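The values are calculated or read from the model by the stated rules, or taken from the named source; none is laboratory data. Model, not experiment: these values are computed from the prediction. Using ideal geometry, Cβ is built from the backbone for each residue, glycine included, and neighbour counts are taken over all protein chains shown. To get the accessible areas, we keep the full protein, side chains included, count just its heavy atoms, and leave off ligands, DNA and RNA. Shrake-Rupley method; radii C 1.70, N 1.55, O 1.52, S 1.80 Å.
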Amino acid sequence: MTTAFPEWFYPGPKDGWTADMLDHLPPDAPRRVELIDGSLIVMSPQTQFHMLMINLLIDREFGIRPPEDLAVAREMSVTLGLRQRPEPDVLVVKREALEDLSKTSYSPNEVHLVVEVVSPDSEERDRSAKPIKYSNAGIKFLWRIELEERDAVAYTYELDPAIRAYVPTGIHRGHLRTDIGFEVDIDLDLRKLTG
């Protein structure tokens, strides 16, 4: 069964979509879309791995536990430029960024960490396109989490300000132990998450 997109979706605006247009999509638009290079990317249904990893990372007891001046957010977009508004799976943001409850997107200077949990349809974007855009915007930390057979693997990166590119800080299996201005220690054992 093929589902046709509404007329407004295709071919899209002549000069491409812009970040501000995402706040004005019609009610029949897909619930989760992100903007990469002026093109709308409709996110496919998430896998159970994807859902479990996001739930783990945002868990107040077992996930990312930032200091009081930072907070954990999930599935909020970051406006990186006129035609760039990706939606990381998890973010660590400045706490004051949470004050405006009508906010639909963060600015790069509000974001401390972006996390992409890789799905089969997002591999190329999460491994190549999005890290370049995040580093160009000056976001200090990036994690990419992938499923390797039946185990989670976290790849961690920090921005080198001299070259405005991410450098690897580790490949984590079993436990994600790193420092991103505060210490992180997360048990990545999926068997514990699925009972």
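You will find that of ARG74, ARG65, the residue that is of a type outside the set (A, V, I, L, M, F, W, C), touching a helix residue (DSSP H, G or I) at 6+ places or on another chain (Cβ under 6 Å), modelled with pLDDT of 95 or more and open to solvent by 30 Å² or more (accessible area, probe 1.4 Å) is ARG74 and no other.
Residue-by-condition table, conditions (1) modelled with pLDDT under 95; (2) open to solvent by less than 20 Å² (accessible area, probe 1.4 Å):
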position	(1), (2)
GLU99	no, no
TYR106	no, yes
ASN109	no, no
VAL114	no, yes
ILE132	no, no
ILE145	no, yes
GLU148	yes, no
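Filtering segment 116-145 down to residues that are within 13 Å of the chain's Cα centre (by Cα) and acidic (Asp, Glu), which residue is nearest to SER77 (Cα to Cα)? Among them, the one singled out is GLU116. Counting only strands (runs of 3 or more DSSP E) that sit wholly inside segment 132-195, those with at least 1 residues that are over 18 Å from SER119 (Cα atoms) and without any contact (Cβ under 8 Å) to a residue 24 or more places away in the chain are 151-160, 165-173, 175-179, 183-187.
Taking each residue of segment 38-60 that is of a type in the set (Lys, Arg) and looking for partners that are modelled with pLDDT of 90 or more with beta-carbon atoms closer than 6 Å, six or more apart or interchain, yields nothing.
Enumerate the pairs (first residue in segment 16-27 and within 11 Å of ARG85 (Cα to Cα) and among the hydrophobic types (A, V, I, L, M, F, W, C); second residue anywhere and in a loop (DSSP other than H, G, I, E, B) and open to solvent by 30 Å² or more (accessible area, probe 1.4 Å)) with beta-carbon separation below 6 Å, excluding pairs fewer than 6 apart on the same chain, so at least 6 apart or on different chains. Within 6 Å, the pairs are ALA19/THR79. Residues in segment 26-42 that are crowded, with 16+ Cβ neighbours inside 10 Å and modelled with pLDDT of 85 or more: 7 in all.
Kindly establish whether GLY174 is on the phi > 0 side of the Ramachandran plot and touching an Asp or Glu at 6+ places or on another chain (Cβ under 9 Å). Criteria met by GLY174. Of all residues in segment 154-180, exactly one satisfies the criterion of being loosely packed, with under 13 Cβ neighbours inside 10 Å and under 15 Å from ILE64 (Cα atoms), namely ASP179.
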